Amino acid sequence: MNACTLRCVRVVEFGVLGAVAAWDETGEPMVLKGPRHRAVLARLLVARRRVVPVPRLVEDLWAGDPPADAVGTVRTFVAGLRRALEPERPRRTPSRLLVTEGPGYALRAEPAHVDAWRFEHTVAAAVDLPPARAVPRLTEALELWRGPAYADVAGEPWARAERSRLTGLRLTAVERRAEAQLALGAAAEAAADLDAHVAEHPWREDAWQLLALALYRCGRQADALSVLRRARQLLREHLGVEPGPRLNRVEQDILRHAEHLDPGPSDTAGQVWAEASAAYASMVPPRARTRLESTAVLMRELAVTGGGGLEAARRHRAAAVAAAEQLGDPELTARVIGVYDVPAVWTRCDDQVQADRLVGSAERTLRLLPPGGHEAARARLLATVAVESRGTLPDGRRALQAARQAVESARRLEDADLLVFALNGLFMQTFERTGLAARRDGIGAEITEVAARHGLFTYEVLGRLIRLQAHSATADFTAADRHAAAADALAARHELPLVAVFTTWYRALRTAATEPAHIGEAAYREAAKSLEGAGMPGLEHGLLPLALLCLRLHHGLPVTADPHTDWGPYEPWVRPLLLLAEGRAQDAVRLLADVPSPPGDLLCEALWCLLARAAIQVGDRALMRRARSALEPARGELAGAASGLLTAGPVADHLDALAAAFAVHAS
């Protein structure tokens with residue numbers, strides 16, 4: 001893999017919840033030619049990243065009656081798909097998406113880039129959520145459906161089981177959402193959804209029972225009883241079965257007005273919310289600027305709920321900013337952008353494309369604001385540039401300058417809210433070199449102090465987490481424990497579920513740094529469960545395998561990995577070590593010749609240590625010098641522990657290994 005290949009990798013989204021489709025990173029549909037091309041793509045997606053042997057493809061595509069040149073035709077279809085999916089891939093460069101492996105082909109689509117897989121993940125993540133968080137999560141999942149699953153290969157036997165499974169999961173999701181809506185007091189909304197649901201799927205007894213309950217809670221007792229009679233008739237006439245005990249029980253409960261059918265006191269807040277939001281929607285004009293500002297404020301609150309809330313907040317925030325720009329009012333746009341001052345502790349973007357657009361919007365708005373005044377608005381835009389840039393963009397110096405200007409303005413204005421936001425941006429820009437944990441600790445200390453003094457609890461948590469990271473880097477786990485406990489206490493008091501993701505991973509890191517390897521591995525695997533449904537793909541993607549690899553390096557164990565492991569964004573710096581473990585030294589040498597420097601973020605030291613170890617094995621002195629130069633400022637730190645998530649052991653150990661390798665080569 002060379003640098004050009006890395007730059008030319010495109011984001012491709014795949015859709016099977018409807019007709020089989022693919023879209024590029026801009027959302028534009030990709031041309032997939034004829035039905036056979038779509039069938040090949042569908043068959044590979046059904047396989048879920050596993051290899052489909054060519055003979056199996058032939059059999060499935062032609063239903064046991066293939067033409068004489070079937071194998072060649074399949075290869076032609078695959079070549080056409082590759083051109084469509086990776087049009088910028090240089091000639092003779094292997095595909096990184098539709099790969100040839102062993103006896104066949106595999107589509108290495110990312111789990112987050114296939115609508116069906118994203119749907120399953122979202123529905124599963126909603127199972128244990130409280131109703132207020134489950135409803136938006138399930139709604140988000142159901143909105144992914146454009147029609148019947150795998151619609152254009154519906155008659156194919158190989159698609160039947162997958163279509164049936166996805167359809168069943170969709171029906172269950174509709175009913176789970178209705179249950180959550182009822183728990184929140186949104187009976188009318190649930191009834192409308194369920195009425196259409198039972199009309200299409202009359203054999204779903206749970207759906208009938210939920211519809212009757214929803215109607216009863218809307219004050220429509222007669223309609224509820226009528227629904228139950230209709231359900232009984234349909235079940236008898238079409239399926240030849242009697243209604244189950246739940247349907248019979250709910251009918252009796254409705255007839256006697258059982259107390260448990262009415263929403264209890266815990267639903268009062270949900271009812272108030274439903275009524276207030278309905279009033280807002282009816283009273284505020286749809287195109288009013290007030291709505292855009294209100295949306296931005298609401299998304300700020302939604303983001304800290306975690307899971308679907310965080311993902312939905314990012315999506316709707318971006319839409320609100322785009323809509324504000326279209327109105328041509330830079331002051332409004334500045335308010336819509338700047339109000340979203342959500343604390344950010346992870347230095348890798350969840351969605352780089354969206355982040356780039358937000359930075360672009362903020363920069364344009366800065367240029368368009370009238371001269372004179374608007375200092376606070378300008379400072380918020382500058383802080384947004386710094387936070388969204390995350391220290392990894394080519395114009396990093398601009399982002400650092402923006403952060404410093406924002407901090408200066410906040411101090412001058414004596415605006416505590418603005419200051420902690422600007423300091424968050426400054427934190428994101430403290431990665432121009434390794435070994436800067438102490439500087440970040442100072443920023444975290446100021447954020448903590450200012451936030452605590454002014455009651456800004458979300459930023460007090462941020463300050464604690466930054467300090468936790470900094471003390472982890474220097475192996476001061478006693479201090480890190482204090483900040484983890486303080487963050488957990490704040491999270492419990494203010495209902496901030498995402499905090500537990502970071503404190504859980506921190507405790508796994510501490511275990512991995514102080515206990516035998518097998519105990520550390522168990523701790524990391526347990527911590528990985530906290531990422532499910534957290535709504536932070538930039539954190540989740542590839543983190544567990546990277547943590548386990550770093551653990552093996554720390555303990556001097558051989559590098560091993562499942563060949564199907566998804567390394568996410570860390571693959572360019574991991575792959576050389578994996579190739580060496582497979583005995584493919586020449587391939588590793590070729591990769592290392594063009595490997596880029598790790599990005600400036602919380603895992604920079606760890607990734608440099610991976611490169612250092614690979615360079616030592618192949619005797620790449622130039623790369624060894626680069627690694628030594630990059631790591632020397634962090635000699636006193638634990639590699640990767642600045643993330644508060646994982647470690648590859650003391651940086652000094654890796655520097656010593658480099659020094660020993662230089663000595664061997666010199667002799």
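The values are calculated or read from the model by the stated rules, or taken from the named source; none is laboratory data. None of these values were measured; they are calculated from a predicted model. Cβ atoms come from the backbone with ideal geometry, glycine included; neighbour counts cover every protein chain shown. Protein only, heavy atoms only, side chains kept; ligands, DNA and RNA dropped before computing areas. Shrake-Rupley method; radii C 1.70, N 1.55, O 1.52, S 1.80 Å.
Assigning unit charges at the beta carbon (Lys, Arg +1; Asp, Glu -1) and nothing else, what dipole magnitude in debye, to the nearest 20, does region 1-180 show about its Cα centre? Could the numbers behind the result be given before it?
On the way: 28 positive and 22 negative charges, 95 e Å.
With Lys and Arg at +1 and Asp and Glu at -1, about 460 debye.
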5 angstrom amide H check on TYR105, placed H, neighbours 5+ away:
VAL52, VAL54
Averaging 1/r across every pair of distinct alpha carbons in the chain and inverting yields a Kirkwood hydrodynamic radius, in angstrom, of 27.7
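If packing is taken as the average number of other Cβ atoms within 10 Å across a peptide's residues, how do 426-436, 371-381 rank, most packed first?
Working: 426-436: 21.0, 371-381: 17.0.
Going from most to least packed, we get 426-436, 371-381.
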So how far, in whole Å, is the C-alpha centre of region 384-455 from the one of region 461-488?
18
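Using alpha carbons only, what's the Rg to Rh ratio of region 1-180 with Rh from Kirkwood? Don't jump to the answer; show the numbers that get you there.
Details: Rg = 17.6 Å, Rh = 17.5 Å.
Using only Cα positions, Rg/Rh for region 1-180 is 1.01.
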About its Cα centre, the chain carries a charge dipole, from +1 on Lys and Arg Cβ atoms and -1 on Asp and Glu Cβ atoms, whose size in debye to the nearest 20 is 1400
Just name one of ALA606, THR514, LEU32: the one whose Cα is farthest towards the positive end of the charge dipole of the chain (beta-carbon charges, Lys/Arg +1, Asp/Glu -1).
LEU32
Can you give me the orientation-averaged projected area of the convex hull built on the Cα atoms of region 194-248, in nm²?
3.3
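For the full complex of protein chains and a 1.4 angstrom probe, list HIS541, HIS238 by accessible area with the highest value first. Kindly include the intermediate steps, with their values, before the conclusion.
Numbers: HIS541 60, HIS238 135 Å².
Heavy-atom accessible area, descending, gives HIS238, HIS541.
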Using θ = phi - 60° and the Karplus form 6.51 cos²θ - 1.76 cosθ + 1.60, what ³J(HN,Hα) does each residue of region 361-366 get, whole Hz, x for Gly and Pro?
4, 5, 5, 5, 5, 4
Other residues with Cβ under 14 Å from the Cβ of ARG256 give, with Lys and Arg +1 and Asp and Glu -1, a net charge of -3
Considering only DSSP states other than H, G, I, E and B, which trypsin sites (Lys or Arg not before Pro) in region 222-262 qualify as loop sites with at most 16 other Cβ atoms within 10 Å?
ARG256
Just for the Cα atoms in region 72-145, what are the lengths along the principal axes, largest first, rounded to whole Å?
52, 26, 20
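Using a 1.4 angstrom probe on heavy atoms only, work out the carbon and sulfur share of the accessible area of the chain in %. Each step should come with its number before you reach the end.
Details: 15750 of 29430 Å².
Answer for the chain is 54 percent, counting heavy atoms of protein chains only.
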Using a 1.4 angstrom probe on the protein heavy atoms only, could you order ASP601, ASP656 from most to least accessible area?
ASP656, ASP601
Skip the ligands, DNA and RNA, and give the accessible area per residue of the chain with a 1.4 Å probe, whole Å².
44
Inter-centroid distance (Cα atoms) of region 549-622 relative to region 95-142, Å:
28
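Can you tell me the relative contact order of region 185-257? Whole percent, Cα pairs under 8 Å, sequence separation 6 or more.
On the way: 72 pairs, mean separation 21.5, N = 73.
Rounded, it is 29 percent for region 185-257.
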Most to least packed among 164-170, 443-449 [average Cβ atoms within 10 Å]
443-449, 164-170
Local electrostatic count, VAL499, Cβ distance below 12 Å [Lys/Arg +1, Asp/Glu -1]
-1
For MET30, the residues 5 or more places away or on another chain with a placed amide H closer than 5 Å to its own amide H are ALA22, TRP23, ASP24
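Once every DSSP H run of n ≥ 4 in the chain is given -39500 (n - 2.57) and the sum is divided by its residues, what mean residue ellipticity at 222 nm do you get, rounded to the nearest 500 deg cm²/dmol?
Working: 31 runs with 429 residues, N = 667.
Theoretical 222 nm ellipticity from helices: -20500 deg cm²/dmol.
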